Amino acid sequence: MKGSIIQPLFFPWAGYFHLIIRSEIFIFLDDAQFKKTWCARNKILIEGREKFINMQLMKQPQVTNINERKFYDFNQDFDNLKNTIFNAYRHNKFFSNIEELFFEIDKDLISVNLSEFNIYFIKRISKLMNIKTIFHQSSNLNINKKRSEKLIDLCKKFKINFYLSPEGSREYMEYDNFKTKFNGIIKFNNFFYKDYEQNYNGKFQSHLSILDLISNMSWQDCFNYLYCKEIKY
C-alpha cells in the first residue's frame, strides 16, 4: 500500500496534492503540535505580487495541537478571506473553479478549528479533481508517540509499505533512523513546477497556494499537472 502522512496545511502548494494523487492512503497528521508554518497561511498572486492569506487564530499555549487551534473571529475573517481570493482571481481563465470551490460551504464544519478548516478544503479540492485517494486523520487513532515512531505506527496500521514523504521531513527522519526502522520503501517528494499561464505579464511565480493553479486550469488539467507523470516512484 502506498501512502503519505502530512500535517493539514492551509490551501497548500501543488506538491502537497502531488503526494495525495500518488498515494492510495493519505493521513492528515492533525494531532501534531501547531507551529507557525504553512498550517495557517499561504501565498496567492494579487496584481502580480505574492501576498499572504490567512485566518486569524486565538492566542493559545505553544504546545497546542493543530486540531485544537481555534479561530479568533471566524465569520468576519472567512468573509474577508473569500473576498480577497475572489478579487485576486476573478479575471483568471478558470475563475469558475474558485467559485465552485467556495459554493455552499459548510461553515459549521470549517469553523470548528484550523485543522478541520484545512482538511475540508483539501478534501473538497481533491474531490473536484476526481482524486480517488482515501483520507484518514491521525487524531482518530490515539497513537501517543512522536515523530518517526508515530509515522511508523500509522504505516503499520494502514499497511503502508511504500511511504511517500514530504521533502521537509527528510532531516528529522534521517536523524531518527527512520529507514532502518521502517519495513518498506521510502521515497521523498520529487514534484517539480512547470510553468503554466498566470494572469499577469511577469515572470512565472511558483510555490503559491493551490488556488493559483486551479484558477488557471481546468480540473482535469490540474490533475494531470499535479500527477507529474515524468516522476517515477
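The figures follow:
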quantity	calculated
Residues satisfying the stated conditions in region 8-35, i.e. open to solvent by 30 Å² or more (accessible area, probe 1.4 Å) and modelled with pLDDT of 95 or more	13, 24
Residue in region 85-92 that is touching a Ser or Thr at 6+ places or on another chain (Cβ under 7 Å), assigned to a helix (DSSP H, G or I) and open to solvent by less than 70 Å² (accessible area, probe 1.4 Å) present	yes
Qualifying helices (runs of 4 or more DSSP H) (wholly inside region 165-223; at least 1 residues being of a type in the set (S, T, N, Q) and open to solvent by 60 Å² or more (accessible area, probe 1.4 Å))	178-181
Selection from region 146-166 of residues that are over 26 Å from residue 63 (Cβ atoms) and of a type outside the set (Lys, Arg)	158, 160, 161, 162, 163, 164
Qualifying positions in region 140-164 - part of a helix (DSSP H, G or I), open to solvent by 90 Å² or more (accessible area, probe 1.4 Å) and more than 18 Å from residue 118 (Cα to Cα)	147, 156, 157
Residue selected from region 36-68 under the condition open to solvent by 80 Å² or more (accessible area, probe 1.4 Å) and in contact with a helix residue (DSSP H, G or I) (Cβ under 9 Å, 6 or more places away or on another chain), by the criterion modelled with the lowest pLDDT	47
One residue from 137, 76 being open to solvent by 10 Å² or more (accessible area, probe 1.4 Å) and in contact with a strand residue (DSSP E or B) (Cβ under 9 Å, 6 or more places away or on another chain)	137
Residues satisfying the stated conditions in region 93-136, i.e. among the small types (Gly, Ala, Ser) and assigned to a helix (DSSP H, G or I)	96, 115, 126
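The values are calculated or read from the model by the stated rules, or taken from the named source; none is laboratory data. Keep in mind that what you see is a predicted model, and the values were worked out from it rather than measured. Cβ sites come from the backbone with ideal geometry, for glycine too, and all protein chains shown count toward neighbours. Remember, those area values only see protein heavy atoms, side chains included, never the ligands or the DNA or RNA. Shrake-Rupley method; radii C 1.70, N 1.55, O 1.52, S 1.80 Å.
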